[in-house]
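Here the structure comes first, spelled out in structure tokens, and everything after it is commentary.
Derivation of every value follows stated rules applied to the coordinates shown; laboratory data play no part. Here the structure is a predicted model, which is why all the values come from computation and not from measurement. Here Cβ is always computed from backbone atoms with ideal geometry, including for glycine, and neighbour counts include all displayed protein chains.
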Amino acid sequence: MQLECVFFGPFRDAVGETTVFYDTDAGTVGELLVELEAAYPDLEGELVADDGDGLAGETVVTRDKKNVVHIDGLETSLDEEAVIRLVPSVYGG
């Protein structure tokens, strides 16, 4: 299936564009994030925690504008119509 993936901030810089229509067989958000880290080396370690058990840092990933943490986390299912947004943690003062 092809998913619309929208990247923000440093993630956009790592990918080289804001929106990517990404071909995948991933069934879950976690599987998709692992694929994206492999496809875009500058994203490696930025999306999935080192132990593979959650998102890296304070990264926010949404499926259709709903935070996946509030659905099923990395086990959140994907379908052809899904729009995935990837937002890095933001710190400042």
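A few comments on the model shown:
- Sites listed here are GluC sites (Glu not before Pro) in the stretch 52-93 whose DSSP assignment is loop and whose Cβ has at most 10 other Cβ atoms within 10 Å: 58, 80, 81.
- Beta bridges by DSSP in the chain, antiparallel share as percent, to the nearest 5: 75
- Cα-based Rg of the chain normalised by 2.2 N^0.38 Å, two decimals: 0.98
- Cβ-placed point charges (K, R +1; D, E -1), dipole of the chain about Cα centre in debye, nearest 20: 480
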